[in-house]
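Have a look at the structure below before the remarks.
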Number of protein chains: 2
Amino acid sequence: MPVVIVATIVPIAEHREAVIAALRAAVGHVHDEPGCELYALHEAADRLVLIEKWESPEALAVHREGAALATLGGALRGKVTGAPDVVLLQAVPAGEVAKGQL
Amino acid sequence: MPVVIVATIVPIAEHREAVIAALRAAVGHVHDEPGCELYALHEAADRLVLIEKWESPEALAVHREGAALATLGGALRGKVTGAPDVVLLQAVPAGEVAKGQL
């Protein structure tokens, strides 16, 4: 069963551009990981948000132990206000398939 | 420019099923609104999360004043812990297009 994640990262203001650069660099590597269906970076004035979809909980578990996330964690150290807020979700199908699910 | 939204609704526990039913009913109507590219419902144990993509800020503005959202607001009254938490986002392109954006 696929897993959807919304992960919010709050940069320390002076490090915002470095945080974005580290996240953009990570995205390309994560896209190559098995079972990654979506790993899409977004920004608001005060935060960065990754919207993710993984093929299975097992694929997510491998991602969490993988090199891309470890490298990202190192790059973000000292540049963010704390650990990311990570929300795990399941799709609730409704309406049209094309617009009703990631 | 498209707008991505993550909207979080926290149901009062005893009304969770009614809240999900109201949201599922709304999704079909919202999919028919102009400029709706994605309006996808998700659940976690303690919350419901809509991940949305609108073609433009103008389309989002029309949605916000529309019948579907008004009906939903009425159906949720007294069944949720407060106003939804709505986060407006812009995509930050990175990596593969198919996996790097909604």
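None of the figures in this text is laboratory data; all of them are computed from the coordinates on show. The shown structure was predicted, so the numbers you read here are calculated from the model rather than taken from an experiment. When we count neighbours, we look across all protein chains shown, and the Cβ atoms used for this are built from the backbone with ideal geometry, even at glycine.
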Restricting segment A:25-60 to residues that are surrounded by fewer than 16 Cβ atoms within 10 Å (Cβ to Cβ) and among the charged types (D, E, K, R), which is farthest from the other protein chains (Cβ to nearest Cβ)? A:Glu58
If you go through segment A:43-86 one residue at a time, how many are of a type in the set (D, E, K, R) and in contact with a Leu (Cβ under 9 Å, 6 or more places away or on another chain)? 4
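Look at B:Gly35 and say whether it is at positive phi and among the small types (Gly, Ala, Ser).
Working: at positive phi: yes; among the small types (Gly, Ala, Ser): yes.
The answer is yes for B:Gly35.
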